[in-house]
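Below is one structure, written out as structure tokens, with a few remarks after it.
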Amino acid sequence: MDCIFCKIIKGEIPAYKLYEDDKVFAFLDITQGTKGHTLIVPKKHVKNVYDMSEEDAQAVFSRVPKLAKALKKAFNPIGLNIINNNDKPLQSVFHFHVHLIPRYENDGMTLTTVNRQDDYEKSDYLNVQDAIVKALNE
Ligand code: 5GP
Ligand code: ZN
């Protein structure tokens, strides 16, 4: 399979490795969006969240605090964003990965949520809730 992250895990192409155990591999994202920008990937090839079992998720997410604490200790950022992209066009590498992005004053990153409460009435919240709960129970 022609997967760049599987090749990194196997050592077939180089990466700045940070951590490895039987389930996960963590390394520096090549772009270094901010200093310390890190990726954690499962060793098992899984495309994205839609293909993951709870066990697959447990393997990756359980290692996130370890890497987050190391980044905090190493660089003392003002904060940390944890993001994960699924499906095109957001996802560009189709081997599941979690981004850990330490944040610094004036770091030029624009990862913020938007407050749309003013656009939402109770019926809107109820419709959204209904659609999701229905999907969960189908
Ligand atoms: P996505 O957009 O799929 O969430 O993020 C994929 C990430 O993988 C990008 O941030 C990109 O910089 C990183 N990436 C792509 N190719 C390589 C590579 O060969 N080595 C490393 N270290 N990171 C890569
Ligand atoms: Zn892979």
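The values are calculated or read from the model by the stated rules, or taken from the named source; none is laboratory data. Computed from a predicted model, the values in this text were never measured in an experiment. With ideal geometry, Cβ positions are generated from the backbone for all residues, glycine too; neighbour counts draw on all protein chains shown. SASA here: full protein model, heavy atoms, side chains in, ligands and nucleic acids out. Shrake-Rupley method; radii C 1.70, N 1.55, O 1.52, S 1.80 Å.
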Discussion item. Could you work out how much longer the chain between Val93 and Lys73 gets when fully extended? Use 0.36 nm per residue separation minus the Cα distance between them, nm to one decimal.
Written reply: 4.4 nm
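Normalising by the residue count of region 1-126, find the relative contact order in percent from Cα pairs under 8 Å and 6+ residues apart.
This gives 26 percent for region 1-126.
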Worksheet, complete the sentence: Ignoring ligands and nucleic acids, Phe61 exposes an accessible area, probe 1.4 Å, in Å² to the nearest 10, of 100 Å²
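Efficiency by 1/(1 + (r/R0)^6): what FRET value for Ile30 and Leu111, r their Cβ-Cβ distance, R0 = 22 Å, to the nearest 0.05? Display every interim value, and only then the final one.
Working: r = 18 Å, r/R0 = 0.83.
The pair Ile30/Leu111 has a calculated efficiency of 0.75.
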Response to the item:
Taking Cα atoms only, helix 122-137 is inclined relative to the longest principal axis of the chain by an angle, in degrees rounded to 10, of 60 degrees
Worksheet item: What angle do you read, to the nearest 10 degrees and between 0 and 90, between the alpha-carbon axis of helix 64-75 and the longest principal axis of the chain?
Response: 70 degrees
Worksheet item: Per-residue accessible area for Glu105 at 1.4 Å probe radius, Å² rounded to 10?
Response: 130 Å²
Fill in: Calculated FRET efficiency for the pair Tyr104/Phe61, C-beta based, R₀ 41 Å, to 0.05
0.95
Item to complete: Distance check, please: which entries in Lys44/Lys73; Lys7/Lys73; Lys10/Lys35; Lys43/Lys88 exceed 27 angstrom between their Cα atoms?
Response: Lys44/Lys73; Lys7/Lys73
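Return the carbon/sulfur percentage of the accessible area of the chain, one whole number, probe 1.4 Å, all protein chains in place.
Carbon and sulfur atoms account for 53 percent of the accessible area of the chain.
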Discussion item. With the cut-off at 1.5 for a/c, could you classify the chain from its C-alpha gyration tensor as rounded, prolate or oblate?
Written reply: oblate
Worksheet, complete the sentence: Taking a probe of 1.4 Å and leaving out DNA, RNA and ligands, region 4-113 shows per residue an accessible area in Å² of 61 Å²
Discussion item. From the helices alone, meaning DSSP H stretches of at least four residues, give me the mean residue ellipticity at 222 nm for the chain, per-run term -39500 (n - 2.57), in deg cm²/dmol to the nearest 500.
Written reply: -9500 deg cm²/dmol
Worksheet entry | Solvent-accessible surface (1.4 angstrom probe) belonging to His45, in square angstrom, nearest 10 | 60 Å²
